[in-house]
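The values are calculated or read from the model by the stated rules, or taken from the named source; none is laboratory data. Because the structure is predicted, anything quoted here is derived from the model rather than measured. Positions of Cβ are backbone-derived with ideal geometry, glycine not excepted, and every protein chain shown enters the neighbour counts. Heavy atoms of the whole protein, side chains included, go into the accessibility calculation; ligands, DNA and RNA do not. Shrake-Rupley method; radii C 1.70, N 1.55, O 1.52, S 1.80 Å.
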Amino acid sequence: LDEALRVLGARHPQARKIVELRFYGGLNESEIAEVLGISVPTVKRRWRFARAWLHRYLSSRPLVP
């Protein structure tokens, strides 16, 4: 997951920040919007994008025993 977040952050830094604030910070969409100075709809769109991106990235990686 750390590698995936690094790659996501290199390409889409705001999407990574939204993931971090949601998972590690426990913030909801309106709190994230306030922290980042963006609208709630923008947070929702970028959250959906980040989830899909992370799913695709993690699904393409082999599991390491």
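Points to keep in mind about this one:
- Probe 1.4 Å, accessible area per residue of the chain, Å²: 70 Å²
- Relative frequency of Cα-Cα separations exceeding 15 Å in the chain, percent: 48 percent
- GNM result for the chain, Cα springs below 10 Å: residue of ALA52, ALA33, ALA15 fluctuating most strongly: ALA52
- Helix-only CD estimate at 222 nm, as mean residue ellipticity for the chain, using -39500 (n - 2.57) per DSSP H run (n ≥ 4): -23500 deg cm²/dmol
- Among the chymotrypsin sites (Phe, Trp or Tyr not before Pro) found in the chain, those both in a DSSP coil and sparsely packed, with 13 or fewer other Cβ atoms within 10 Å of their Cβ, are TYR24.
- Carbon and sulfur %, accessible surface of the chain computed with the full protein complex present, 1.4 Å: 55 percent
- Accessible-area rank, largest first, for HIS12, HIS55: HIS55, HIS12, with all protein chains present and a 1.4 angstrom probe.
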